[in-house]
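Presented below is the structure to which this report refers.
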Amino acid sequence: MSAQLARNNDSSGSHEAADRIVRSGAHAAQKDLTAAAVQRYPGMTSMQLARVTGMDRHMVARRLPDLAKEGRAFRGAKTVCPISNITVCTWWPVAQGDNFTLAV
């Protein structure tokens, strides 16, 4: 599992941290919290999601692609984030029972 969280060329410390976050259950908990935020606030950017929930922006930004790989969220249209003022993607929940592949 840590291979998904740490790249092959990352330091051994990164791989150890990735293993630790998975073993502790923190990775799954972070994904669940992020998925709940996307459900509650559909169409927001990662920075907006972090701001409205009080979660760490970097954690949210890292868990959203994990959710997309699992089919729990998908990247929507790009928009100018009102917080960062840069063009970024929005994030949307996948309705329960929607088992289709989304083009990104």
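The values are calculated or read from the model by the stated rules, or taken from the named source; none is laboratory data. None of these values were measured; they are calculated from a predicted model. No Cβ is skipped: glycine too gets one built from the backbone with ideal geometry, and neighbour counts run over all protein chains shown. The protein model used for the area step is the full one, side chains on, heavy atoms only, and it has no ligands, DNA or RNA in it. Shrake-Rupley method; radii C 1.70, N 1.55, O 1.52, S 1.80 Å.
General observations
- In region 6-29, the residues that are without any contact (Cβ under 8 Å) to a residue 12 or more places away in the chain and open to solvent by less than 60 Å² (accessible area, probe 1.4 Å) form Cβ pairs under 6 Å with partners that are outside any helix (DSSP H, G or I) and not aromatic (Phe, Trp, Tyr), at six or more places apart or across chains, as follows: Ser14/Ala6.
- Residues of region 39-58 that turn out to be buried (at least 16 other Cβ atoms within 10 Å of the Cβ), part of a helix (DSSP H, G or I) and among the aliphatic types (A, V, I, L, M), as a count: 3
- Any hit, region 72-84, residues being closer than 16 Å to Leu5 by Cβ, exposed (fewer than 14 other Cβ atoms within 10 Å of the Cβ) and among the basic types (Lys, Arg): no
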